[in-house]
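Bear in mind that the values in this text are calculations on the coordinates, not laboratory data. Everything numeric here is computed off the predicted structure, so don't read it as measured data. Note that we place each Cβ from the backbone using ideal geometry, even for glycine, and neighbour counts take in every protein chain shown.
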Amino acid sequence: MIKKLLASVLLVSSGLTFAQQPAAPVPSATLPTPTPGQVVEQKPVVIPAAPQLAATGFILVDATTGSIVAESNSEQRLPPASLTKMMSSYLVVDEIEKGRITEDAMVNISVKAWKMGGSRMYVKEGTQVSVIDLLRGVIIQSGNDATVALAEYVSGNEDAFVDKMNQTAAQLGMVNTHFENSTGWPAEGHLTTAKDLAVLARAIINDHPTHYPIYAEKYFFYNNIRQPNRNLLLNRDETVDGLKTGHTEEAGYCLVASSKRENTRFIAVVMGTESESARAAETQKLLAYGFRYFQTTQLYQAGQQVSSSRVWAGKTQEVTLGIPNNIVLTLPKGREQSLQAKMHINEIIKAPIAVGQELGNLTVELDGQLLVNTPIVALQAVEEAGFFARLLDNLKLFFRNLFS
């Protein structure tokens with residue numbers, strides 16, 4: 001009789017592991033709260049439509065979350081001109097940071113690099129120039145000669161480097177991009193989109209923070225020639241710290257700019273404007289709109305505890321529960337206090353439990369719209385209890401299920 005009872009207890013209790021508690025509000029202490037002295041708007045800001053720009057296409061993206069704040073013709077394939085060099089510099093920096101090349105390595109300048117027209121760093125055929133100087137020549141001076149020299153150094157020849165550019169574009173998710181050369185020199189089929197360039201800009205900022213400050217340098221002096229960075233916003237707005245300009249007759253005047261204010265960084269891509277001053281002015285409009293009406297808000301940090309729960313048949317009777325990854329959102333200003341977060345935690349949690357084991361989920365909504373649905377996981381391991389402790393808990397679960 002006792003053996004049958006024990007068998008029944010073990011059988012019934014094993015079927016309870018996946019039941020969930022009804023959704024419960026997250027304690028207010030885990031929700032974002034205003035810092036001391038911060039004025040919290042009681043009413044949401046009325047957000048107007050994004051500005052209409054005198055540009056062929058544009059996009060404004062939160063660099064942290066990837067959320068699109070404003071866009072127009074952002075997926076139209078367009079010639080990128082020297083914005084192409086963003087991919088070239090991304091690949092060179094990637095080679096440096098992965099230890100495949102060094103900044104002080106000397107690069108032989110080929111006839112092909114020396115003969116490049118358009119924007120130039122003015123390197124000389126047969127000389128040697130360091131990788132870091134050439135990289136500055138690409139980013140600050142937009143040198144076609146410097147770009148080809150680096151492409152040849154990294155991959156042996158420019159064609160092989162371009163293959164690497166296209167492979168990397170595909171890996172990053174730049175689905176409407178194809179490169180024919182490393183510089184942006186006009187070529188049939190050499191096309192990208194504002195949206196894809198925003199993806200690339202995010203990768204430059206987030207993947208290579210050590211070298212990103214180069215994009216904010218206003219001048220570079222080489223070969224007795226001092227050339228300015230063509231990004232006019234570097235001199236107009238101290239919060240702007242990159243990224244790249246481009247211009248050809250076919251592409252018009254283009255600019256990818258990034259600006260950070262407090263905890264929010266936006267990337268603006270503007271393509272096909274009519275002048276150097278116009279691309280700067282239109283980009284300013286876009287950035288001003290983003291910072292006026294939106295902000296980046298971190299709700300939870302990876303590993304942050306949000307709750308704890310009873311553990312059955314474990315050496316300890318409680319497990320701490322938390323969020324496995326950072327939860328960061330782009331929100332309209334003044335709306336963070338309107339977020340509604342709820343936890344759904346497994347009703348029966350039995351040992352053994354591994355760190356990171358999923359034991360529920362957390363949802364965050366704004367005005368009924370689901371913004372976040374993330375797992376709730378164990379922040380600590382819990383080992384099984386001894387035989388008699390497990391037996392006692394299984395008996396408790398058996399009768400709990402019997403009378404529930």
**Fill in**
Extension length gain for THR363 and ASN166 (0.36 nm per residue less Cα distance), in nm, is 67.2 nm
**Asked** Summing -39500 (n - 2.57) over the DSSP H runs of n ≥ 4 in the chain and dividing by its residue number, what mean residue ellipticity at 222 nm do you reach, to the nearest 500 deg cm²/dmol?
**Response** -9000 deg cm²/dmol
**Request:** Within the range 211-313, report the GluC sites (Glu not before Pro) that DSSP leaves as loop and that have at most 12 other Cβ atoms within 10 Å.
**Result:** GLU238, GLU249, GLU250, GLU262, GLU274
**Prompt:** Which of the peptides 168-176, 100-108 is most tightly packed, and how do the rest follow, judged by the mean count of other Cβ atoms within 10 Å per residue?
**Reply:** 168-176, 100-108
**Asked** Taking Cα pairs under 8 Å and at least six residues apart, what relative contact order does the chain come out at, in percent?
**Response** 20
**Message:** With a cut-off of 8 Å between alpha carbons and a minimum separation of six or more residues, what is the relative contact order of the range 102-198 in percent?
**Reply:** 21
**Item:** Simple label model, 7 Å out from Cα along Cβ direction - ASP159 to LEU402, nm
**Value:** 8.1
**Asked** To the nearest 0.05, how large is the calculated FRET efficiency for VAL111 and LEU370 if R₀ is 45 Å and r is the Cβ-Cβ distance?
**Response** 0.15
**Fill in**
Computed about the Cα centre, the charge dipole of the range 150-256 from +1 Lys/Arg and -1 Asp/Glu charges at the Cβ has a magnitude in debye, to the nearest 20, of 400
**Fill in**
Semi-axes a, b, c in Å (a largest) for the range 140-195, each sqrt of 5 times a Cα gyration tensor eigenvalue, come to 19, 14, 10
**Request:** For the chain, build the charge dipole from Cβ charges (+1 Lys, Arg; -1 Asp, Glu) around the Cα centre, then report which of ALA149, LEU233, MET121 sits farthest towards its positive end.
**Result:** LEU233
**Complete:** Rg from C-alpha atoms of the range 278-330, normalised by the globular rule of thumb 2.2 N^0.38 Å, equals 2.12
